[in-house]
Amino acid sequence: MTKQHVVFLCTGNSCRSQMAEGWARHLCADRIEAYSAGTDPHGLNPLAIKAMAEAGVDISTQASKHIDALNGVPLDLAVTVCDRANETCPVFPGAKRTIHHNFDDPPRLAQEAETEEEAMQHYRRVRDEIRAFVETL
């Protein structure tokens, strides 16, 4: 069986797209070759790493990268996971198909959190929503 090449796109490639890549690698490794990238990457979010680790998925070795890093990769599907990425690249060059599924931005939601535990509630909720979405691919 040939694996589908899927990229998850977000603005910063620091949280949501990284979680989606991690879930796809964890849940669908037999049928999906997963990637993630961003339109303005700014490093892997440590609370995203922590939230995924709590669910048994290690994304600590993944890297935040620009979409240009995937030039030449034959992609079957591009999934934009934030509205800004969808607006920036509603059609991803090289992908056979592009879909959009917006998820809340945990770092933005957690800005007002007074403790890390309070912040983690947002990361856990979005992590679980992303898992449910990835399971449908």
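If the cut-off is 23 Å between C-alpha atoms, which lysines fall inside it for Lys50, apart from same-chain ones fewer than 8 positions away?
Within the straight-line limit of under 23 Å, Lys50 reaches these lysines: Lys65.
Using alpha carbons only, how many degrees (0 to 90, rounded to 10) separate the axis of helix 16-28 from the longest principal axis of the chain?
Taking the Cα atoms of the chain, the angle to 16-28 is about 70 degrees.
Dividing the alpha-carbon radius of gyration of the chain by 2.2 N^0.38 Å (N being the number of residues), what value is obtained?
Against the empirical 2.2 N^0.38 Å value, I get 0.98 for the chain.
Can you sort Glu135, Glu33 so the residue with the fewest Cβ neighbours within 10 Å comes first?
Glu135, Glu33
Could you line up Phe103, Phe133, Phe8 from fewest to most neighbouring Cβ atoms inside 10 Å?
Phe133, Phe103, Phe8
For the chain, what is the relative contact order in percent, using Cα pairs closer than 8 Å and at least 6 residues apart in sequence?
Reported as a whole number, the value is 27 percent.
Using the alpha-carbon atoms, what tilt in degrees (0 to 90, nearest 10) does helix 116-134 show relative to the longest principal axis of the chain?
Helix 116-134 sits at roughly 30 degrees to that axis.
So what's the back-of-envelope 222 nm ellipticity for the chain, counting only DSSP H runs of four-plus at -39500 (n - 2.57) apiece and dividing by all residues, rounded to 500?
-11000 deg cm²/dmol
Springs between alpha-carbon pairs under 10 angstrom, Gaussian network model over the chain: which of Ser14, Ser64, Ser36 fluctuates most?
Greatest mean-square fluctuation among the candidates belongs to Ser64.
Computed from the coordinates by the stated procedures, all read-outs in this text should not be read as laboratory data. All of these numbers come straight from a predicted model, not from anything done at the bench. Quick reminder, even Gly has a Cβ in these numbers, built from the backbone with ideal geometry, and neighbours come from all protein chains shown.
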